[in-house]
Amino acid sequence: GSRGAAKVERLDFRPTTANQRRISRSRLLSSAALFEFAEGELRFAAREDGQPHVLASELARQASARGAPDQALRHIKGVFADYLSTPYEAAPAEFWRLAFPLPFRRSLERYAKIHRLDLYLLAGLIRQESEFNVRAVSRANARGLMQVLPSVGRSLARTLKTGAFRTSMLFSADYNIRLGTYYFRFLLDQLDGFEEA
């Protein structure tokens, strides 16, 4: 039987005529590698004419297409700030893939398996720590996807026998994930595996 669940109203992801023209102009600018102008076109439209979910999706789509998942994520956060209160069923799957990307999947799957970690827990951790920006540097000087401190990286490189260590190596996605997942597993083991801590 039915539990009387309320029907979720889907957001309309079809652009208005004016926004469709802006999207077309933005794509043209983007194809000419004029990314700032392309983004400006859509950001202006989101501020002035509404449909932030449509315009955030397009901004994220363009950033993702040029291999910048961190920028795609920031576009959604910045332009459609209400995305986290949007019911899952209210938006198309593509929107959620842009808002919660899974780049570097091969490395994540490989090291998640090696260290008995949940793939999506790792992706969530990286999303929170670096927003998938391989060149992220925190105020504490932690670096890369999983925000590994250079001193910790040096120690982990010795433990894992990865060879000579240079701080710049923490900007390599695979290397950062390799060290970061090992360290995360180590920390979890110290806490008897309680991820909530």
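About the Cα centre, and with charges only on the beta carbon of Lys, Arg (+1) and Asp, Glu (-1), how big is the dipole of the chain? Nearest 20 debye, please. Don't jump to the answer; show the numbers that get you there.
Details: 30 positive and 21 negative charges, 144 e Å.
Using Cβ point charges on Lys, Arg, Asp and Glu, the chain gives about 700 debye.
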Taking all protein chains in place and a 1.4 Å probe, what share, in percent, of the accessible surface of the chain do carbon and sulfur account for?
52 percent
Counting only protein chains, not ligands or nucleic acids, how are ARG154, ARG135 ordered by accessible area (probe 1.4 Å), most first?
ARG135, ARG154
Tell me whether segment 41-95 comes out rounded, prolate or oblate; compute the Cα gyration tensor, take square roots of the eigenvalues as a ≥ b ≥ c, and use a/c under 1.5 as the rounded threshold.
oblate
Relative to the longest principal axis of the C-alpha atoms of the chain, give the angle of the C-alpha long axis of helix 17-31, reported between 0 and 90° and rounded to the nearest 10°.
40 degrees
With r as the distance between the Cβ atoms of ARG116 and GLN20 and R0 = 41 Å, compute the FRET efficiency 1/(1 + (r/R0)^6) and round to 0.05.
0.30
Rounding to the nearest 20 debye, state how big the charge dipole of segment 94-197 is about its Cα centre with +1 on each Lys and Arg Cβ and -1 on each Asp and Glu Cβ.
580 debye
Segment 111-197: radius of gyration over Cα atoms, expressed as a fraction of 2.2 N^0.38 Å:
1.02
Heavy atoms only, 1.4 Å probe, whole protein assembly: order ASP70, ASP118 by accessible area, highest first.
ASP118, ASP70
May I ask for log10 I(q)/I(0) of the chain at q = 0.16, 0.17 Å⁻¹, from a Debye sum over the Cα atoms as equal point scatterers with solvent left out?
-1.02, -1.08
For the chain: accessible area per residue (Å², 1.4 Å)
59 Å²
Heavy-atom accessible area order for SER24, SER30, largest first, 1.4 Å probe
SER24, SER30
As an exercise, take the mean of 1/r over every pair of distinct alpha carbons in segment 78-160, invert it, and state the Kirkwood radius in angstroms.
14.6 Å
When the charge dipole of the chain is computed with +1 at the Cβ of Lys and Arg and -1 at the Cβ of Asp and Glu, the Cα pointing farthest to the positive end, of VAL137, PHE37, ALA93, is that of VAL137
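The values are calculated or read from the model by the stated rules, or taken from the named source; none is laboratory data. Everything numeric here is computed off the predicted structure, so don't read it as measured data. Backbone-built Cβ (ideal geometry, glycine too); neighbour counts: all protein chains shown. Quick note on the areas: whole protein, heavy atoms, side chains included, nothing else; ligands and nucleic acids left out. Shrake-Rupley method; radii C 1.70, N 1.55, O 1.52, S 1.80 Å.
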